[in-house]
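The structure appears below as structure tokens.
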Amino acid sequence: MMTENVGPSETLPHTINTGFTASREQVLDLYDSVGWSRYTRDPDGLERALANSGFVLEAWDGNDLVGLVRCLSDGDTILYLQDILVRPSHHRRGIGKKLVQEAIEQYPNRIRQIVLITDDEPYQRSFYESLGFTEISELEPNPGRCFVRFRD
């Protein structure tokens, strides 16, 4: 079990597990807790998505699933962080940061691009910037473009 420093005098004991081990109910509850109903409307699809991901890391507080990151990668050039979620009751405790760091550490010094798409929320921007991410339009010296097509 790892203990991560989260403040001047408090710590949060939690474990990070590699692999998709949570039950369907635990996963649906976690996704519901962050309002991602698009995923929870199709539990079978969500379960397939998790099972077919390159890898999944889960954060546990005892027997409670409190965070998850789902990743896709070719193993050499690109890592796509698909889902990064932490139960709201466990925000600001270092869990999301640890999940992202451990996901990236799965491919030390090999991956050239680490990509994610997220909502346009100010706290998300500051969170990802604190981890070294840059919005693609702000890359220096050559800003990039990102194209995405969502389907209903």
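Per the conditions (1) within 17 Å of Gly19 (Cα to Cα); (2) free of Cβ contacts under 8 Å to residues at least 12 places away in the same chain; (3) in contact with a helix residue (DSSP H, G or I) (Cβ under 8 Å, 6 or more places away or on another chain); (4) not hydroxyl-bearing (Ser, Thr, Tyr), the sole criterion not satisfied by Asn52 is (3). Would you mind stating whether Arg110 is touching an Asp or Glu at 6+ places or on another chain (Cβ under 9 Å), closer than 23 Å to His14 by Cα and assigned to a loop (DSSP other than H, G, I, E, B)? The answer is no for Arg110. Is it the case that Leu99 is touching a Phe, Trp or Tyr at 6+ places or on another chain (Cβ under 7 Å) and either assigned to a loop (DSSP other than H, G, I, E, B) or crowded, with 16+ Cβ neighbours inside 10 Å (or both)? Criteria not met by Leu99. Any idea which residue in region 101-133 is nearest to Ile84 (Cα to Cα), counting only those that are among the hydroxyl-bearing types (Ser, Thr, Tyr) and in contact with a Lys or Arg (Cβ under 9 Å, 6 or more places away or on another chain)? By that ranking, first place goes to Thr118. In region 103-123, of all residues being among the acidic types (Asp, Glu) and within 16 Å of Glu135 (Cα to Cα), the one that is surrounded by the most Cβ atoms within 10 Å (Cβ to Cβ) corresponds to Glu121.
Scan region 125-134 for residues that are within 20 Å of Phe147 (Cα to Cα) and surrounded by 15 or more Cβ atoms within 10 Å (Cβ to Cβ) and jot them down.
We begin by selecting, within region 125-134, every residue within 20 Å of Phe147 (Cα to Cα); these are 125, 128, 133-134.
Residues satisfying the conditions are Tyr128, Phe133.
Can you tell me which of Phe20, Phe55 is at pLDDT 90 or above and either at positive phi or surrounded by 15 or more Cβ atoms within 10 Å (Cβ to Cβ) (or both)? Give the steps one after another, and end with the answer.
Numbers: Phe20 fails: at pLDDT 90 or above.
On inspection, the qualifying residue turns out to be Phe55.
When Leu139 is tested against (1) over 15 Å from Val69 (Cα atoms); (2) among the aliphatic types (A, V, I, L, M); (3) surrounded by 16 or more Cβ atoms within 10 Å (Cβ to Cβ), only condition (3) is not met.
The values are calculated or read from the model by the stated rules, or taken from the named source; none is laboratory data. All values derive from a computational prediction rather than experimental measurement. Every residue, glycine among them, receives a Cβ derived from its backbone with ideal geometry; neighbour counts consider all protein chains shown.
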